[in-house]
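Working notes, structure below.
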Amino acid sequence: MANWPSPRAGVFSMCLGIPGKIVSIQNADPVYRTGEVDFQGAVKQISLAYVPDAKMGDYVIVHAGFALNVIDEDEARQVFEDLKALGELEDAANGV
């Protein structure tokens, strides 16, 4: 772990939880439940095991391929605006 966190352009990088909208859900078994989550155009297959009450249309915070909690649309929109202002939106969506 000597190389973590690694400097990039003079700053340290970190992992973020990124909001996305659930557009489909597969598998009714809570342990294996997954869904397609839309990160403003980048759609990824995400585990929904940690958010058993999440439903299609909900926004979730995703980190390392797992939805960690459900958030409201206003909070998701604010995070997207903040990431866009920082120039990190594309990197964040691709790194989920």
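Every number in this text was worked out from the coordinates using simple rules, so none of it is lab data. Bear in mind that the values here come from a model prediction, so they are computed numbers and not experimental data. All Cβ positions, even for glycine, are placed from backbone atoms using ideal geometry, and neighbour counts span all protein chains on display.
Structure data summary
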| read-out | value |
| --- | --- |
| Relative contact order (%) - criterion: Cα under 8 Å, at least six apart; region: region 21-94 | 23 percent |
| Cβ-based net charge around A49, under 14 Å, with every Lys or Arg adding one and every Asp or Glu removing one | -1 |
| About the Cα centre, charge dipole magnitude for region 21-94 (Lys/Arg +1, Asp/Glu -1 at Cβ), debye | 300 debye |
| Long-range amide H partners of L68 with built H, under 5 Å | I61, V62, H63 |
| Order of V43, V62, V79, V23 - criterion: other Cβ atoms within 10 Å of each residue's Cβ, fewest first | V23, V43, V79, V62 |
| Cα lying deepest toward the dipole's positive end in region 21-94, options Q45, I71, Q26, charges on Cβ | Q26 |
| Label-point gap, in nm, between V43 and I71 - each point 7 angstrom along Cα→Cβ | 2.3 nm |
| For D58, distant residues with modelled amide H under 5 Å away | I22 |
| Square roots of five times the Cα gyration tensor eigenvalues for region 21-94, Å | 22, 12, 10 |
